[in-house]
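Only the coordinates and a few stated rules stand behind these numbers; no lab work does. Keep in mind it's a predicted model, so treat the numbers as computed, not measured. Glycine also receives a Cβ, built like all others from the backbone with ideal geometry; neighbour counts cover every protein chain displayed.
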Amino acid sequence: MNQKVVLITGCSSGIGLALAARIAKDEKKRFMVYATMRNLTKAEHLVEAAGRTLGRTLEIKQLDVCNEESIKACVDSLPERRVDILISNAGMGLIGPIECQSIDEMKTVMDTNFFGLVRLLKEILPDMKKRKKGHIVVISSVMGIQGILFNDVYAASKFAVEGFCESLAVQALRFSLK
Ligand SMILES: NC(=O)c1ccc[n+]([C@@H]2O[C@H](COP(=O)([O-])OP(=O)(O)OC[C@H]3O[C@@H](n4cnc5c(N)ncnc54)[C@H](OP(=O)(O)O)[C@@H]3O)[C@@H](O)[C@H]2O)c1
């Protein structure tokens, strides 16, 4: 069977968890989903949502987008390191006035939301370019196009994601990536 390999980040909860379970349940079994999370002790809800797909069309793996070794180890563990569809979903918010936030907290948001995506692509994009095949899906935010009160640093991180993707799309298209 010619299954597409899907790698999703941030699958311990929310959108990542829902996407992983939904794609793995595809009736025609067109996808093999590698649902990743930084902390495998949080896998319980995904295991429940995955149901019978676990070990069939869904596997759970460790991946921390803030850690290059963790990303490499995860990708190296995939058959032929192949990722057909990358869904960059992992992210975090930070709400409140900047006077109440430390620079370290702000850096963690940028490191996760923006550099997390950059790290993933540095590991996966070269293989996609060689194969001239691949889909990259980035979960951004409306706050990547419009700032909203007390979401200053979160919005900045998503604006960075938007600019990065807009620029990267030009070369991705040259390699027939979508
Ligand atoms: N929900 C919304 O209304 C909304 C709107 C616009 C955009 N988004 C975006 O959608 C994406 C998913 O958000 P969500 O709403 O589903 O929130 P969520 O339930 O909090 O999920 C965020 C996921 O990212 C993971 N994560 C955080 N830091 C990570 C890291 N360093 N490495 C790997 N995984 C990490 C979290 O893992 P832990 O459990 O370990 O923390 C969690 O699994 C985010 O990029 C968010 O910015 C959400």
Of the listed links Lys107/Lys132; Lys158/Lys178; Lys133/Lys158; Lys29/Lys178; Lys72/Lys107; Lys29/Lys107, those spanning more than 31 angstrom between alpha carbons are Lys107/Lys132; Lys29/Lys107
Could you go through region 24-39 in sequence order and give the Karplus-derived ³J(HN,Hα) for each residue, using 6.51 cos²θ - 1.76 cosθ + 1.60 with θ = phi - 60°, rounded to whole Hz, and x for Gly and Pro?
-> 5, 8, 3, 4, 8, 6, 7, 10, 10, 9, 9, 8, 10, 8, 6, 10
Given charges of +1 on the Cβ of Lys and Arg and -1 on the Cβ of Asp and Glu, with all other atoms neutral, how large is the dipole of the chain about its Cα centre, in debye to the nearest 20?
-> 1160
Taking neighbour Cβ counts within 10 Å as the exposure measure, how do Asp64, Asp26 sort from fewest upward?
-> Asp26, Asp64
Starting at the first residue of region 113-130, write each ³J(HN,Hα) from the Karplus equation 6.51 cos²θ - 1.76 cosθ + 1.60 with θ = phi - 60°, in whole Hz, x for Gly and Pro.
-> 6, 9, 5, x, 5, 4, 4, 4, 5, 4, 7, 9, 4, x, 5, 5, 5, 4
Given that compact globular proteins tend to follow 2.2 N^0.38 Å, what is the ratio of the alpha-carbon Rg of the chain to that value?
-> 1.04
Would you mind ranking Met110, Met128 by Cβ crowding within 10 Å, fewest neighbours first?
-> Met110, Met128
